[in-house]
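Notes for the one structure printed next.
The values are calculated or read from the model by the stated rules, or taken from the named source; none is laboratory data. No experiment lies behind these values; they were computed from the predicted model shown. Here the Cβ positions follow ideal geometry from the backbone for every residue, glycine too, while neighbour counts run over all protein chains shown. To get the accessible areas, we keep the full protein, side chains included, count just its heavy atoms, and leave off ligands, DNA and RNA. Shrake-Rupley method; radii C 1.70, N 1.55, O 1.52, S 1.80 Å.
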Amino acid sequence: QVQLVESGGGLVQPGGSLRLSCAASGSIFSIYTMGWYRQAPGKQRELVAAITSGGNINYADSVKGRFTISRDNAKNTAYLQMNRLKPEDTAVYYCYANIVTTSTRDEYVYWGQGTQVTVSS
């Protein structure tokens with residue numbers, strides 16, 4: 001079994017910063033892409049940022065220059081540093097990972113439980 005556990009959400013004022021973490025554990029053979037989606041009330045889920053095992057990174061245009069994604073492959077953990085937050089960044093953030101399990105050697109997409117980020121004064 002594989003689990004993704006997120007942490008780091010909360011309430012922050014506009015212009016502030018938050019750091020999200022996403023830790024994968026369990027029967028993991030390898031992890032390819034890790035990243036975050038977000039979903040605001042009444043809106044579709046959108047990709048925020050993603051990072052491959054080789055370090056290739058993709059950002060949504062709306063967060064470029066403000067958010068930084070990174071990962072520690074030894075810890076099976078990804079991080080999303082969010083700076084200069086705006087009210088429109090308010091959403092539930094879901095981490096995901098493409099993981100090959102040790103049991104089947106098949107690749108699956110796993111999701112974290114979601115964490116609320118609220119940007120408000």
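Taking 22 Å as R0, compute the FRET efficiency from the Cβ-Cβ separation of Arg19 and Asp106 and round it to 0.05. Approximately 0.10, to the nearest 0.05. Highest GNM mean-square fluctuation among Gly55, Gly65, Gly42, for the chain modelled with Cα contacts below 10 Å: Gly42. Of the trypsin sites (Lys or Arg not before Pro) found in segment 27-77, the ones in coil according to DSSP and having at most 14 other Cβ atoms within 10 Å of their Cβ are Lys43, Arg45, Lys64.
Which Cα, out of Leu47, Tyr94, Ala60, lies furthest along the positive dipole direction of the chain (beta carbon charges, K/R +1, D/E -1)? Of Leu47, Tyr94, Ala60, it is Ala60.
When a 1.4 Å probe is rolled over the protein heavy atoms, the share of accessible surface on the chain that falls to carbon and sulfur comes to 46 percent.
Ignoring lysines fewer than eight residues from Lys64 along the same chain, the ones with Cα atoms less than 24 angstrom from its Cα are Lys43, Lys86. Across all directions, the average projected area of the convex hull around the alpha carbons of the chain is 7.1 nm². Please check which bits of segment 75-119 a label hung off Ser30 would reach, taking the label as a point 7 Å along Cα-to-C-beta and the cut-off as backbone N under 18 Å. Answer for this model: 75-77, 97-110. Shape of segment 6-68 from the C-alpha gyration tensor: prolate (a/c of 1.5 or more and a/b above b/c, with a ≥ b ≥ c the square roots of its eigenvalues).
Model label points for Lys64 and Glu88, set 7 angstrom from Cα along the Cα-to-Cβ axis, are 1.5 nm apart. The residues of the chain expose on average 53 square angstrom of accessible surface per residue, using a 1.4 Å probe on protein heavy atoms. Applying Stokes-Einstein at 20 °C and 1.002 mPa s to the Kirkwood radius of segment 1-40, computed over alpha-carbon pairs, gives a translational diffusion coefficient of 172 µm² s⁻¹.
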